[in-house]
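> Provided herewith is a single structure, encoded as structure tokens, for subsequent inquiry.
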Amino acid sequence: AERRPPAQAEGARALAGEGVEGRVGGRRLHLGGPALMERLGVPLPEEAKALPEEGYTPLYLVEGTRLLAAFAVFDPPRPEAQEAVAALKALGLKLVLLTGDHPALGIPEVLAGVRPEGKVEAIRRLQAEGRKVVFVGDGINDAAALAQADVGLAMGSGTDIALEAGDVVLLTPDLRGVVNAVRLARRTLRTIYLNFFWAYAYNVVLIPVAAGALYPFTGLLLNPMLAAAAMSLSSLFVLTNSLRLRAFRPQALPSLNPAASS
């Protein structure tokens, strides 16, 4: 069969959250999902409508209101996704899946087929309920949601705009890195609270003693050298307690270098 070069699209432009449009061979074509088809008033046959129910993300190519082709796209979950979801649940986090595709992770609360602005609105609703939201994303469509969340966590394999919008960037695409980030953040926060408690309690007790508060009752005065040593001891405790974070051991992640794992 004769192999023809692919036709070049002219005037192509993206339709946010819907698809793309352009002219090919003088014909005005649209390529997108169900939302775009609904807006254009394109009637879909039953077999094309059934694609989302079968777990596929459908893409339809149309000219005007005439369906030319239907494509079924399936993006399987990453192999470590189930493990990461289970670990995050074990940490007591409430998980919500916001996706423009169709879910397959077993997360109880799912909003599928969500456009980029829909993700932002969903995060705002959760924040209005008084929740602190951590959003994990890696695509262009996730950038606004990453910026809206209390903590935007961008995957290292994501687009540049997502990496710029994230507050935290994971260096690997492994979802278990999200678990490690949450565990490390919680341990860091506990360490900060303990340091503040020690520093305040220590000073509340010993500053009055150094100022002579016990002298009228016991005749005890604190030698200035001992007071200076006691203050240094407080700083040493805070520093040593913080250094315990170096003992944090993240969950083991598989090597991303095939040569290293062979």
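The values are calculated or read from the model by the stated rules, or taken from the named source; none is laboratory data. What you see is a predicted model; the values in this text were computed from it and never measured. Using ideal geometry, Cβ is built from the backbone for each residue, glycine included, and neighbour counts are taken over all protein chains shown. Accessible surface is based on the protein model in full, side chains and every heavy atom, while ligands, DNA and RNA are left aside. Shrake-Rupley method; radii C 1.70, N 1.55, O 1.52, S 1.80 Å.
> Among (1) under 20 Å from Gly137 (Cβ atoms); (2) open to solvent by less than 50 Å² (accessible area, probe 1.4 Å), which single condition is Gly32 missing?
(1)
> Only one of Leu189, Leu153, Leu126 is part of a helix (DSSP H, G or I), aliphatic (A, V, I, L, M), under 30 Å from Thr240 (Cα atoms) and at pLDDT 90 or above; which?
Leu189
> If you don't mind, another one. What are the pairs, 6+ residues apart or on separate chains, where a residue within region 64-84 that is at positive phi has its Cβ under 9 Å from a residue that is part of a strand (DSSP E or B) and surrounded by 14 or more Cβ atoms within 10 Å (Cβ to Cβ)?
The qualifying pairs are Gly64/His30.
> Here is a check on your reading of the model: is Leu194 farther than 23 Å from Gln148 by Cβ and not in a helix (DSSP H, G or I)? Give the derivation first.
Values: farther than 23 Å from Gln148 by Cβ: yes; not in a helix (DSSP H, G or I): no.
In short, no.
> Same structure, new question: For region 1-19, give me each residue that is closer than 30 Å to Lys119 by Cα and either surrounded by 15 or more Cβ atoms within 10 Å (Cβ to Cβ) or acidic (Asp, Glu) (or both).
At the first step, the residues of region 1-19 found to be closer than 30 Å to Lys119 by Cα are 11-19.
Result: Gly17, Glu18, Gly19.
> Which members of region 129-150 meet the condition of being at pLDDT 90 or above and of a type outside the set (A, V, I, L, M, F, W, C)?
Across region 129-150, the qualifying residues are Glu129, Gly130, Arg131, Lys132, Gln148, Asp150.
> Which one of the conditions (1) part of a strand (DSSP E or B); (2) of a type outside the set (Lys, Arg); (3) open to solvent by less than 30 Å² (accessible area, probe 1.4 Å) does Val136 fail to meet, given that it meets all the rest?
All conditions pass for Val136, except number (3).
> Ok, one more. For the structure I just gave you, tell me whether Pro250 is modelled with pLDDT of 80 or more and surrounded by 11 or more Cβ atoms within 10 Å (Cβ to Cβ). Can you show your working first?
Working: modelled with pLDDT of 80 or more: yes; surrounded by 11 or more Cβ atoms within 10 Å (Cβ to Cβ): yes.
For Pro250, the condition - modelled with pLDDT of 80 or more and surrounded by 11 or more Cβ atoms within 10 Å (Cβ to Cβ) - is met.
> Looking only at region 201-219, count how many residues are without any contact (Cβ under 8 Å) to a residue 12 or more places away in the chain and either under 28 Å from Thr188 (Cα atoms) or surrounded by 11 or more Cβ atoms within 10 Å (Cβ to Cβ) (or both).
The total comes to 10.
> Then there is this: Give just the number: which of (1) open to solvent by less than 30 Å² (accessible area, probe 1.4 Å); (2) in a loop (DSSP other than H, G, I, E, B); (3) modelled with pLDDT under 80 does Ala230 not satisfy?
Here Ala230 meets the rest and fails (2).
> Could I ask something else about it? Could you list, in sequence order, all residues of region 55-95 that are farther than 25 Å from Gly17 by Cβ and outside any loop (DSSP other than H, G, I, E, B)?
Those that are farther than 25 Å from Gly17 by Cβ and outside any loop (DSSP other than H, G, I, E, B): Gln82, Glu83, Ala84, Val85, Ala86, Ala87, Leu88, Lys89, Ala90.
> Also, I was wondering about something else. Which of the residues that make up region 170-186 are modelled with pLDDT of 90 or more and open to solvent by 50 Å² or more (accessible area, probe 1.4 Å)?
Residues satisfying the conditions are Arg183, Leu184, Ala185, Arg186.
> Separate question: Looking at (1) without any contact (Cβ under 8 Å) to a residue 40 or more places away in the chain; (2) open to solvent by 90 Å² or more (accessible area, probe 1.4 Å), find the lone condition where Arg244 falls short.
The one condition Arg244 does not meet is (1).
> Which of the residues spanning region 139-169 are within 24 Å of Ala14 (Cβ to Cβ), of a type in the set (D, E, K, R) and open to solvent by 30 Å² or more (accessible area, probe 1.4 Å)?
Once the filter is applied, which keeps residues that are within 24 Å of Ala14 (Cβ to Cβ), of a type in the set (D, E, K, R) and open to solvent by 30 Å² or more (accessible area, probe 1.4 Å), region 139-169 yields Asp160, Glu164.
> Scanning region 1-32 for residues that are outside any strand (DSSP E or B) and of a type in the set (D, E, K, R), which turns out modelled with the lowest pLDDT?
The residue in question is Glu2.
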